[in-house]
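Written below as structure tokens is the structure these notes are about.
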Amino acid sequence: MEALLFIALQPAGTFVSTKTINENTGISEGYLEQLFILMRKSGLVTSIRGPQGGYLPGKPLPEIGVGDILRSVEGSLSPVDCIDPTVCPAAKDCISRNTWTDLYAAIVSCVESISLQDLVDAYYALDQMDYTV
């Protein structure tokens with residue numbers, strides 16, 4: 001998420017290399033490449049090769065949800081596999097399934113309510129805060 005936020009903070013249309021992201025975030029270039037392969041498949045980033053190449057958001061920032069980013073790189077947001085009744089044969093009689101289902105619903109609700117634009121706005125709002133007492 002930090003890498004995609006870094007890209008989103010750049011001027012619109014600016015392709016950002018993994019080297020630049022690495023230098024500014026400390027995330028290794030190898031790991032960034034792995035993340036961007038997954039995010040490119042999900043349409044969250046677009047890329048161009050070459051010396052002036054790099055990555056930029058694949059959609060308008062308000063259309064990229066935190067949930068989309070997390071699912072593209074992590075897979076399911078489910079805290080346990082048994083939330084899916086086809087995975088757990090005891091799902092029908094499981095006394096803890098409701099707890100896990102409620103937790104999953106809360107996670108999804110939270111991450112779906114935040115867009116990449118929200119994160120950019122929050123970042124810029126930090127610069128505007130007055131810390132004087």
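For the range 35-133, which fully contained helices (runs of 4 or more DSSP H) count at least 2 residues that are of a type outside the set (S, T, N, Q), under 21 Å from L9 (Cβ atoms) and modelled with pLDDT under 90?
Per the criteria, 116-128.
If S76 meets every condition in (1) touching a strand residue (DSSP E or B) at 6+ places or on another chain (Cβ under 9 Å); (2) of a type in the set (G, A, S); (3) under 25 Å from Q34 (Cα atoms) apart from one, which number is that one?
Result: S76 fails condition (1) only.
Kindly list the number of the only condition in (1) at positive phi; (2) in contact with a strand residue (DSSP E or B) (Cβ under 8 Å, 6 or more places away or on another chain) that fails for T20.
(1)
Pick from the range 79-127 the residues that are of a type in the set (V, I, T) and touching a strand residue (DSSP E or B) at 6+ places or on another chain (Cβ under 9 Å): which of them is nearest to F6 (Cα to Cα)?
Applying the first criterion (of a type in the set (V, I, T)) to the range 79-127 yields 80, 83, 86-87, 95, 99, 101, 107-108, 111, 114, 120.
This time we only want the ones that are touching a strand residue (DSSP E or B) at 6+ places or on another chain (Cβ under 9 Å), so: 111, 114.
Numbers: V111: 19, I114: 16 Å.
If we take residues in the range 79-127 being of a type in the set (V, I, T) and touching a strand residue (DSSP E or B) at 6+ places or on another chain (Cβ under 9 Å), then I114 is nearest to F6 (Cα to Cα).
The values are calculated or read from the model by the stated rules, or taken from the named source; none is laboratory data. Not measured: the values here are computed from a predicted model. Please note: Cβ atoms are built from the backbone with ideal geometry, for glycine as well, and neighbour counts cover all protein chains shown.
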